[in-house]
Amino acid sequence: MTLREVRKQLQFAAKYKKSSIMFGDSGVGKSEVVRQFAKEYAPNSKVPYVEVNLGQRTSTDVNGLYVPVDVMGVLQMKMAIPDFWLPLFDPNYKGVLFLDEI
């Protein structure tokens, strides 16, 4: 698949609100194509592009950590998620989450 075809695939995935995955050699421009697409896809978004390099993260960096929270006198464990996930919890969020080096 060429980088031009990757762009078309990203447009298709965005139109139908689906995920997309791509494989390729290092340094061919995959990340840059996704970055450029995100800027065009969501030009007015505060956070149009979120990149998470999984090769440099541990599972708790991505999933978050359990923290104790007092809920009406009962101690419960709740997940504290990393801040890069927060834009995705906005129902009006329009942008791209790019998980690099899966």
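Roughly how tilted is helix 30-41, in degrees to the nearest 10 and between 0 and 90, from the longest Cα axis of the chain?
Once rounded, one gets 80 degrees.
What residues qualify as long-range amide H neighbours of Tyr49, i.e. H under 5 Å apart, gap of 5 or more or another chain, H built at 1.01 Å from N?
Val96
Tell me what the chain gives for mean residue ellipticity at 222 nm when only DSSP H runs of n ≥ 4 count, each as -39,500 (n - 2.57), the sum divided by the residue total, rounded to 500 deg cm²/dmol.
Counting only the DSSP helices, I get -8500 deg cm²/dmol.
Of all accessible surface on the chain at a 1.4 Å probe, what whole percent is carbon and sulfur?
Carbon with sulfur: 55 percent of the solvent-accessible area.
Tell me, what is the per residue accessible area of the chain in Å², probe radius 1.4 Å?
Result: 76 Å² per residue.
Only loop residues by DSSP count here, and only those with at most 10 other Cβ atoms within 10 Å; note down the chymotrypsin sites (Phe, Trp or Tyr not before Pro) in the stretch 1-87 that meet that.
For chymotrypsin sites (Phe, Trp or Tyr not before Pro) across the stretch 1-87 that sit outside H, G, I, E and B with at most 10 neighbouring Cβ atoms in 10 Å, the list reads Tyr16, Phe23.
Normalising by the residue count of the chain, find the relative contact order in percent from Cα pairs under 8 Å and 6+ residues apart.
The value is 29 percent.
Give the longest segment of the chain that steers clear of trypsin sites (Lys or Arg not before Pro) in DSSP loops with at most 11 neighbouring Cβ atoms within 10 Å, not counting the sites themselves. The partial results should precede the final answer.
Details: sites that count: Lys17, Lys18, Lys46.
No qualifying site falls inside 47-102, the longest such stretch.
Please say if the stretch 1-58 is rounded, prolate or oblate, where rounded means a/c under 1.5 for a ≥ b ≥ c the square roots of the C-alpha gyration tensor eigenvalues, and otherwise the choice is prolate for a/b larger than b/c and oblate otherwise?
Oblate, because a/c is 1.5 or more while a/b does not exceed b/c.
If you project the alpha carbons of the chain onto the principal axes, what extent comes out on each, in Å, largest first?
Ordered largest first, the chain gives principal extents of 57, 29, 21 Å.
Relative to the longest principal Cα axis of the chain, at what angle does helix 3-15 sit, 0 to 90 degrees, rounded to 10?
It is inclined by approximately 50 degrees.
Working out 0.36 nm times the residue gap between Lys46 and Ser31, then minus their Cα-Cα distance, what length gain in nm do you get to one decimal?
3.5 nm
The values are calculated or read from the model by the stated rules, or taken from the named source; none is laboratory data. All figures in this text were calculated on a predicted structure; none of them were measured in a lab. Note that we place each Cβ from the backbone using ideal geometry, even for glycine, and neighbour counts take in every protein chain shown. Please note that ligands, DNA and RNA were not included when accessible areas were found on the heavy atoms of the full protein model with its side chains. Shrake-Rupley method; radii C 1.70, N 1.55, O 1.52, S 1.80 Å.
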